[in-house]
Amino acid sequence: MSENSEYIVIKAKAQGVQVIGLTRGQDTKFHHTEKLDKGEVLIAQFTDHTSAIKIRGKASVITRHGTVETDE
C-alpha cells in the first residue's frame, strides 16, 4: 500500500446512500460496495487497488481539499 494513500469521509444525509469502490488498472471494475443509513459515516481510502469512489445518494464528502455536498 502506498504511504501517500488518501482518505475521505462520507456522511450519509439520507437513507440508502451507496458507496462504490472502483479498481485501478486497464479494466475499471466495482470491487466493494457499502450502503449507509442516514447519519452513518464511512471513512474510505484510495489505495493501490482503489482508484475511484462513486457515491449515490445525498451525502457530505469530506477530503483534505474541502467538503462536497452531493445532489440527490
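Note on the chain: dipole from Cβ charges, positive end direction compared against ILE8, GLN45, ILE55; the farthest Cα belongs to ILE55.
As a size descriptor, the averaged projected area of the C-alpha convex hull of the chain was calculated at 4.9 nm². When the solvent-accessible area of segment 7-70 is split by element, carbon and sulfur atoms take up 50 percent of it, the probe being 1.4 Å. Take the Cα of ALA52, step 7 Å toward its Cβ, do the same at GLU34, and the gap between the two points is 2.0 nm.
Counted without the sites themselves, the longest stretch of the chain free of trypsin sites (Lys or Arg not before Pro) in a DSSP loop having at most 11 other beta carbon atoms within 10 Å is 30-63. The residues of segment 7-70 have, on average, 66 Å² of accessible surface per residue, using a 1.4 Å probe with all protein chains present.
Based on C-alpha pairs under 8 angstrom that are at least 6 apart in sequence, segment 7-70 has a relative contact order of 44 percent.
Springs join every pair of Cα atoms under 10 Å in this Gaussian network model of the chain, and among GLY21, GLY39, GLY57 the largest mean-square fluctuation is at GLY39.
The values are calculated or read from the model by the stated rules, or taken from the named source; none is laboratory data. Since the model is a prediction, treat every value here as computed from it, not as a measurement. All Cβ positions, even for glycine, are placed from backbone atoms using ideal geometry, and neighbour counts span all protein chains on display. Calculation scope for accessible area: heavy atoms of the full protein, side chains included, ligands and nucleic acids excluded. Shrake-Rupley method; radii C 1.70, N 1.55, O 1.52, S 1.80 Å.
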